[in-house]
Amino acid sequence: MEGTVLCSANHAPLTPISFLERTALVYPDRLAIVATDGSAGVAVSRTWRDTRARCLRLAAALTGRLGVQRHDVVAVFAQNIPAVCELHFGVPMAGAVICTLNSRLDAAMAAVLLRHSEAKVVFVDRALLGVAQKALVLVAEAGARRPVLVLISELLDENERSPPDAKIKVTRVDYEYEHLLSAAAAGSSPDFAIRWPADENEPIALNYTSGTTSRPKGVIYSHRGAYLSSLAAVIVNAMGETPVYLWTVPMFHCNGWCQVWGVAAQGGTNVCVRRVTAAAIFDSVARHGVTHMGGAPTVLSMIVNATADERRRQPGGRRRRVTVMTGGAPPPPQVLFRMEEQGFLVIHSYGLTETYGPATVCTWKPEWDALPAEERARIKSRQGLHHVGLEAADVKDPATMRSVPADGRTVGEVMLRGNTVMSGYYKDGGATAEALAGGWLRSGDLAVREEDGYIKILDRSKDIIISGGENISTVEVEAALFGHPAVEEAAVVGRPDEYWGETPCAFVKLRGGGGGGGGGAAVEEELMAFCRARLPRYMAPRTVVVVEEELPKTATGKVQKVALRERAKAMGSLPAPPLPPPGAHPQGQLGLGEASSEPSYSIVTAAASLRLRCCNQLTQYWQSILIRVDVNPFIT
């Protein structure tokens with residue numbers, strides 16, 4: 001339009017660096033970071049004025065002594081300690097790109113990612129130094145440039161259990177974090193000129209998905225995307241001014257779902273804990289007045305199964321409401337009930353590494369408050385709709401790219417687009433083009449849209465069980481298992497079946513540490529009967545394994561179904577049942593009538609073979625069109 005201009009008066013590149021600058025002015029003396037070391041009390045306490053000064057010194061040290069240039073990658077290999085909060089600002093202030101590595105990586109994978117990212121500097125938590133040193137040896141042996149190692153000496157929770165690497169002899173360390181900041185303080189760092197991005201689409205972060213050593217995928221975040229995602233996270237979490245955020249989400253995971261920047265935007269307080277336990281959560285709520293936190297369903301399970309000794313009330317017996325954002329899998333109804341009873345308000349979200357973390361949210365409507373508890377839980381278990389930072393979230397037929405009808409039955413693939421979708425995969429233009437083909441990010445998640453438009457994910461395409469041609473959502477089977485009062489953890493995968501191709505196999509941990517010892521068979525049969533009473537016959541598990549130990553999980557608290565699938569496969573195929581006697585015509589698995597009390601097999605062998613062929617074709621179809629990107633849904 002005639003008369004418009006674009007200049008510094010009305011345009012500045014969006015960047016979360018600005019959050020720190022503003023908050024240090026508005027709330028200079030408010031606590032920015034606190035951390036405890038177990039029973040000893042508060043070990044670290046810094047205000048926003050202190051934090052900004054330290055971040056400026058950090059940026060000055062990076063650009064000066066360490067020679068970091070614009071867009072250089074600076075890696076961070078650490079747990080949720082205060083320095084990681086500072087690095088999320090100090091690295092971008094230096095014009096560099098922060099790359100937070102999974103703190104549970106082994107040396108081989110850490111070396112692969114350090115080489116692929118071409119990190120110039122790596123900041124290493126003292127607790128992870130042993131792994132880091134081995135990784136750097138592997139980097140050098142591969143002929144790549146070894147990044148400068150800066151040791152973060154901070155140790156928390158010493159009175160509980162120090163990590164194994166915490167007491168190893170410190171060797172081959174180039175710099176120490178606090179010494180580096182102290183040296184910068186002697187220079188002109190208070191007057192350090194922040195390297196603001198000239199273009200808001202410049203990179204601010206590099207996050208690796210859970211891929212393989214042969215083809216790691218580094219997801220690039222922009223300053224603009226991080227800014228908008230941070231504000232969207234603030235809105236989704238109903239986070240007012242000066243929140244108190246407990247770090248139960250790993251900061252390496254999508255930069256803490258961008259909350260590390262969002263908390264700064266609101267002048268909040270970051271409460272850091274190295275080990276996430278029920279006792280640590282309740283202690284932090286009581287000690288620091290925590291208002292918000294997040295985590296996978298395993299964190300919710302940890303809270304609701306806490307012992308009386310682990311729970312700690314606020315002074316005077318008051319109970320503070322804590323808002324908890326969860327993702328990775330739909331929270332089971334029983335868990336939601338018990339969370340509410342203990343004063344925790346659960347917000348269900350869904351997202352991928354490629355969407356800066358949360359992309360959709362099951363936005364709650366006031367009219368749902370009057371519904372029965374079970375219906376409220378069913379509604380909240382859905383993934384909902386896109387947040388304000390995205391343009392759209394849809395469920396589409398991946399072959400035709402047409403939206404599926406909002407009938408709650410037609411299955412499609414979740415696709416997303418908008419300002420909080422990644423800029424691309426680092427050094428992998430082909431994978432970027434494939435993931436963003438058609439103008440949408442393809443998630444690989446199968447879902448339906450219900451009548452109100454809300455998305456409900458049925459499963460990951462790779463987790464769907466196809467039994468005799470019927471698609472079985474492991475999410476629905478797990479929800480049924482969680483309805484049993486004795487079940488603490490549950491995960492369902494497919495087990496080979498000579499007749500049906502595969503059938504549901506449930507791995508279950510019972511409350512109170514009950515295992516598969518005496519009476520195990522009776523417990524397993526009880527759980528199968530419990531599911532048969534609540535699910536269509538073909539969806540009920542035909543195998544239940546009761547385990548004593550926790551189910552295997554990723555660093556972000558998601559169950560590792562790959563490991564469980566291997567375990568189910570090692571159990572061997574369930575044998576085909578004997579053919580029914582002549583003249584018998586029970587209802588089959590595919591029948592539309594009422595299911596019999598036992599599995600029935602009225603269809604003839606030819607029909608069964610046809611069904612299995614259809615099953616294989618359907619599996620190949622989904623694999624060919626959905627497995628495009630290594631996504632990391634945290635709600636993977």
**Q.** Residue count for region 207-244, restricted to those that are within 21 Å of Gly429 (Cβ to Cβ) and buried (at least 24 other Cβ atoms within 10 Å of the Cβ)
**A.** 7
Q. Would region 222-243 turn up any residue that is assigned by TED's automatic domain parsing to the domain that holds Ile33, among the hydrophobic types (A, V, I, L, M, F, W, C), at pLDDT 95 or above and farther than 17 Å from His387 by Cβ?
A. no
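Each row is one residue, and each column tells you yes or no for (1) in contact with a helix residue (DSSP H, G or I) (Cβ under 8 Å, 6 or more places away or on another chain); (2) not in a loop (DSSP other than H, G, I, E, B).
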| residue | (1), (2) |
| --- | --- |
| Gln79 | yes, no |
| Arg104 | no, no |
| Arg115 | yes, yes |
| Val131 | yes, yes |
| Lys134 | yes, yes |
| Val139 | yes, yes |
**Q.** Within region 1-37, tally of residues that are of a type outside the set (Asp, Glu), modelled with pLDDT under 95 and under 18 Å from Ala83 (Cα atoms)
**A.** 2
Q: Looking only at region 376-394, count how many residues are buried (at least 19 other Cβ atoms within 10 Å of the Cβ), at pLDDT 95 or above and more than 14 Å from Tyr350 (Cα to Cα).
A: 0
Q) Would you call Val84 assigned by TED's automatic domain parsing to the domain that holds Glu176, crowded, with 18+ Cβ neighbours inside 10 Å and in a strand (DSSP E or B)? A) no
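Here is a yes/no grid of residues against (1) farther than 26 Å from Asn305 by Cα; (2) buried (at least 24 other Cβ atoms within 10 Å of the Cβ); (3) among the acidic types (Asp, Glu):
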position: Leu246; (1), (2), (3): no, yes, no
position: Trp257; (1), (2), (3): no, yes, no
position: Trp261; (1), (2), (3): yes, yes, no
position: Ala264; (1), (2), (3): yes, yes, no
position: Gly267; (1), (2), (3): yes, no, no
position: Val271; (1), (2), (3): no, yes, no
(Q) Looking at Ile466, Ile455, can you tell me which residue is aliphatic (A, V, I, L, M) and surrounded by fewer than 23 Cβ atoms within 10 Å (Cβ to Cβ)? (A) Ile466
Q: Please work out which residue is nearest to Ser230 (Cα to Cα), limiting yourself to region 388-431 and to residues that are charged (D, E, K, R), more than 21 Å from the chain's Cα centre (by Cα) and not in a loop (DSSP other than H, G, I, E, B).
A: Glu391
**Q.** In region 536-558, the residues that are under 24 Å from Ala296 (Cβ atoms) and in a loop (DSSP other than H, G, I, E, B)
**A.** Pro541, Glu548, Glu549, Glu550, Leu551, Pro552, Thr554, Ala555, Thr556, Gly557, Lys558
Q) Any idea how many residues of region 227-276 are under 17 Å from Phe19 (Cβ atoms) and touching an Asp or Glu at 6+ places or on another chain (Cβ under 7 Å)? A) 2
Q: Please specify each residue of region 419-472 satisfying the condition of being out of contact with any Asp or Glu (no Cβ under 9 Å at 6 or more places or on another chain) and either among the β-branched types (Val, Ile, Thr) or within 21 Å of Ala540 (Cα to Cα) (or both).
A: Thr420, Thr432, Lys462, Asp463, Ile464, Gly469, Glu470
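The values are calculated or read from the model by the stated rules, or taken from the named source; none is laboratory data. Note that this is a predicted model, so its numbers are computed, not measured. Every residue, glycine among them, receives a Cβ derived from its backbone with ideal geometry; neighbour counts consider all protein chains shown.
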